[in-house]
Amino acid sequence: MTRRWPAEWEPHAATLLTWPWDAEIWGEHHAGAIDAMAAAAAALSHGEEVIVHVPPGGEAAARAAILRFGPRKKNLTLRELPSDDVWVRDHGPTLVVDDGALVAIDWRFDAWGKKFPHDRDAKIAAAAAEALGASVERASLTLEGGAIETDGRGTVLCTRSVALAANRNPTLTEADVDAELRARLGATEVIWLDAGMACDDTDGHIDTLARFIDASTVVVHVMADRSHPDAAVLDANRRALEALGRWRVVALEAPSIRDDDGEWLPASYANFYIANGRVLLPTYDAPEDITAMLTLSTLFRGRDVVPIPSRPLVAQGGAIHCATQQVPRV
């Protein structure tokens, strides 16, 4: 029996999304969040099935919003599934393949260290897996899908600031977490970075910091603005990956954007999503958007890079990778 967590660029059967239904959470950004998620659903539907988790009674409104962006209707499925928020990468299942069968890893989700309400979100992974016909494994780790990244060949990237955080796994050692990641994901190696952005509610998810483009290339999130409080941490992450000498390391310069109160936003172009034939790239109405588009278009030969306006999403702490979860084709 061989367990493997396929890389994101490998063929998908579908992509999972959770709809941003709660206007109270999103406030002035609610309409923008709906547009971003609707545009993403429509773009993805041209290459794979899109399964959107909607609140009870919310199907008609979500479908109408998505239809404005021209989806391929036969690839659009809306399922009623109560949720607290939109971040399916974290509250949804991480899907691996074991002996030709789909297995859903149900991490213990506590909203990034009990920062937000999550009673409904904590039940989504198991419910989504059941609808997919996948078997479910309940992990002992408190973790989120955005905290881990793979090259599909057994290497997993993770940050100590998340997996070893006192608000998640206070009694576990690095060796304990390493062992469970190997067991659940079929990993043969776990590579640790120390930390991510301090302005990130997740405590430093890897999917804003370092992402595999393919088995030989990794992009890293860097900050050209030296006044940014995380510039040194991001430089350290890049140096750590370069020192391994394993991959071509490509810097992806971050936008320097703040909220209306002058606080830094955790905006990262590394939070892209690789789909069948396409890459969804978060954009932020920033000058750096163009450079990110050009860089990823060069790196992703054979895939169209589709910009998804994500300023409303990052105002709530995430972007398009945080709001998507791939279902590998078995």
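The values are calculated or read from the model by the stated rules, or taken from the named source; none is laboratory data. Computed from a predicted model, the values in this text were never measured in an experiment. Counting neighbours? That spans all protein chains shown, and the Cβs are built from the backbone with ideal geometry, glycine included. In case anyone asks, the SASA skips ligands and DNA or RNA and just uses the protein heavy atoms, side chains included. Shrake-Rupley method; radii C 1.70, N 1.55, O 1.52, S 1.80 Å.
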* Structure fact -> Looking across segment 92-108 at residues that are more than 26 Å from A166 (Cα to Cα) and assigned to a loop (DSSP other than H, G, I, E, B), the single one that is most open to solvent (accessible area, probe 1.4 Å) is D99
* For residues in segment 109-141 being within 25 Å of R153 (Cα to Cα) and among the hydrophobic types (A, V, I, L, M, F, W, C), which is surrounded by the fewest Cβ atoms within 10 Å (Cβ to Cβ)? -> V136
* Asked: Which residue pairs have Cβ atoms closer than 9 Å, lie 6 or more positions apart in sequence or on different chains, and pair a first residue in segment 214-226 that is farther than 12 Å from Y269 by Cβ with a second residue that is of a type in the set (S, T, N, Q)?
  -> A215/T155; A224/S256; D225/S256
* Asked: In segment 63-91, which residues are in contact with a strand residue (DSSP E or B) (Cβ under 8 Å, 6 or more places away or on another chain), over 28 Å from R108 (Cβ atoms) and among the small types (G, A, S)?
  -> none
* **Filter result for L185 (modelled with pLDDT of 95 or more, within 28 Å of W9 (Cβ to Cβ) and under 18 Å from the mean Cα position of the chain (by Cα))** => yes
